[in-house]
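Have a look at the structure below, then the notes.
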Amino acid sequence: MSIKFEEIFKINQRIEVFVPSRSGLVEQYRSRIEDINADNMVIAMPMTKGLPVMLQRGEVFFGRVVSNFSAFEFTSSLIAKQLQPLPVWIIAAPYNLKKIQQRAFVRVDAALPVQITEIVDGKVVEDTIVNAVTKDISGGGLQIATTRLWQIDTELMVTVNYPDIGPLTLRSKVMRIQQPQPDRTVFWVGIKFLEISERDRGNIIKFIFKKQLEQRRKGLE
């Protein structure tokens, strides 16, 4: 079933805008739809600390909107800026419109080095170190490719080296296991973070948004 543009976007609707910062991370801002036209949309100029968010003409960004109790992601680009009578962005009509689960963390494919140790009776067992690589990551956990097979609900201490963030060591739990090729002892292990600060989770999510943005830009080249 196709998603109809006119059923999702409405004037005065709140939206979230995700824009790459100079540091290379992706920043999140709030905005509002001011007008909708056949080939573009006008939104309130995103602001940070009282100053306009910097974005160059033609630069791609993506956003999120909630409509009819469902959340949607979209891609767009800046056409022009206008200061009078209100500071606004004129943006290309949103495309790549996709329904998402609001409560689920966005997941993206990424190969990052991981070091894992088991937790037994609440204590980290140092001689159980396993080196692996992530298959995909999210703000709530990750999936790794490994030759080591754990039981479901096994608790682990997982250290992931995230670009732009650095290594994070997080108490986690094995949630699911797949063996994609029965004749090979390689497993895809789904791991959920049990203990993570909102700051660390936010940094992971910003890294994921940056990676998504890079992938979408490549798709336009």
So if each residue of separation counts as 0.36 nm, and I subtract the Cα-Cα distance between ALA93 and VAL130, what length gain in nm does that give? 8.6 nm
Excluding ILE196 itself, what net charge comes from residues whose Cβ is under 13 Å from its Cβ, given Lys and Arg +1 and Asp and Glu -1? +2
Computed D for the chain, Stokes-Einstein, Kirkwood radius over alpha-carbon pairs, 4 °C, 1.567 mPa s, to the nearest µm² per second, is 66 µm²/s
Looking only at lysines whose Cα falls under 23 Å of LYS123's and that sit 8 or more positions away or on another chain, we get LYS173, LYS192
Rounded to the nearest 10 degrees, the helix 198-220 long axis (Cα) sits at an angle to the longest Cα principal axis of the chain of 60 degrees
Rounded to the nearest 500 deg cm²/dmol, what is the calculated helix-only ellipticity per residue at 222 nm for the chain, with -39500 (n - 2.57) per DSSP H run of length n ≥ 4? -4000 deg cm²/dmol
Using the alpha-carbon centroid of each, what span in Å lies between the stretch 54-99 and the stretch 133-200? 34 Å
Scaled radius of gyration (Cα, divided by 2.2 N^0.38 Å) that the stretch 5-100 gives: 1.01
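Computed from the coordinates by the stated procedures, all read-outs in this text should not be read as laboratory data. Keep in mind the model is a prediction, meaning the values are calculated, not measured. No Cβ is skipped: glycine too gets one built from the backbone with ideal geometry, and neighbour counts run over all protein chains shown.
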